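Nothing in this text is a laboratory measurement; each read-out follows from the coordinates by a stated rule. Note that the structure is predicted; figures quoted are calculated from it, not measured. Ideal geometry is used to build each Cβ from the backbone, glycine not excepted, and the neighbour counts take in all protein chains shown.
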Amino acid sequence: MHGSAGRVATGSVRRGLVLSASLFLSAAVIAPGSARAGDSASADALFQAAKELVRQNKYAEACPKFEASYKLDKTLGSILNLADCHEHVDRIASAWAEWGEAADLARKDGDKRSEYADKRRAALAPRLPKLEIHVVNPVGSLDVWRDDVKLDPASFDTPLPTDPGERSIVVKRGEQVLRKQTVKAVEGEVRKVELDLAALDKAVPPAPTTKLAVLAVGPPPSSKLRTVGIVVGAVGVGAVVAAGGLEIGALATKPSDTQCVNKYCTPDGMSQVKSAQTLANVGQWVGIGGLVAVAVGATFFLTSPSASSPTKSAAAPSRTTWLSPWAAPTGGGFALGGTL
């Protein structure tokens, strides 16, 4: 896309006519409120911001705002201004298509501006750059892209309008790029690109498929499982011992008979009762946790397979043994069972 600074001198008279028409378009044809009564607040804000940029001759910045406004609220005013803006920044094919869309919308609404849009569109037709893709030996697995648009095979061998400038032609197999070339689209000219897809398909082999290796992770060796059981069991035993110490501390903190008589206690006695209860509760739960840890450690140790155990025959009857820990506020332990 080229800016207004890049326009050739021979087109100055034509540009002057376009500028005069655009001023008429902004001042009279597209009066605020005439075609935008139903716009959302966001669309209207974008439209007004774009018009202010046009007044400052900043068309390159105004066009995206007109386009965003039109996407939010497809009004005749928005598409007319968008087409005019794209024409000013030499996006000729885009403007040509938008003038046509504006003319159709105006005719649908019974709006006389359809004639104005038709005239602007017709004036652009001789200037349209066109690109023709000629495909030899098509291959179903290959796609042809023009910039970021995948071309339908029905569009091959047909001169298609495009904006001036560098256009990228890419041949792909899925995501694999087989060929990429750049073609410069020029006003009023038809550029042709010939592609032999069968030759490209043969010349460029498919990209190798990367396969992920799956690592099989089996159960830990019996020696490691027994070691884990011993460590967990030892932690559990330590917790049980600590719980006993807490219970002894609770008994030692119990108030004397002089501090509590017939369930009535002095303030110091009540403080000691609360301390004793706290120690007893903590000791109880530490003890339960210790018993659970002992049970889990014993489960690991007793159920780990022996390294010297022979492999069972597939025809031999199966026998399952299990050891399950249990815990409750009043105690804990583990249960042993099995099936034949």
### Task
Compute the distance in nm between two label points, each set 7 Å from the Cα along the Cα-to-Cβ direction, one at W145 and one at V190.
2.7
### Summary
In whole Hz, the Karplus estimates of ³J(HN,Hα) for the range 198-205 (6.51, -1.76, 1.60; θ = phi - 60°; x where Gly or Pro) are 5, 5, 5, 4, 6, 6, 10, x
## Note on the structure
Residues other than W145 with Cβ under 10 Å of its Cβ, Lys/Arg counted +1 and Asp/Glu -1, net out at +1
### Amide H contacts of R167 (H built 1.01 Å from N, under 5 Å, at least 5 apart or other chain)
V183, K184, A185
#### Entry: Phi-based couplings in Hz for the range 155-172 (Karplus 6.51, -1.76, 1.60; Gly and Pro marked x)
8, 5, 6, 10, x, 10, x, 8, 5, x, x, 6, 10, 9, 10, 10, 10, 10
### Query
Can you list residues whose amide H is under 5 Å from R179's amide H, if they're 5+ apart or on another chain and H is modeled 1.01 Å from N?
V171
### Message
At R0 = 41 Å, how high is the FRET efficiency between D157 and A60 if r is their beta carbon distance? Nearest 0.05 is fine.
### Response
0.75
### Message
5 Å is the cut-off here: which amide hydrogens, built 1.01 Å from N in the peptide plane, fall below it relative to E189, excluding neighbours closer than 5 in sequence?
### Response
K130
### Query
Calculated FRET efficiency, E166 and A49, Cβ-Cβ r, R0 35 Å, to nearest 0.05?
0.75
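Could you tally the net charge around H134, taking each other residue with its Cβ under 12 Å from the Cβ of H134, Lys/Arg +1 and Asp/Glu -1?
Values: positive: R191, K192; negative: E132, D157, E194, D196.
Cβ neighbours under 12 Å give a net charge of -2.
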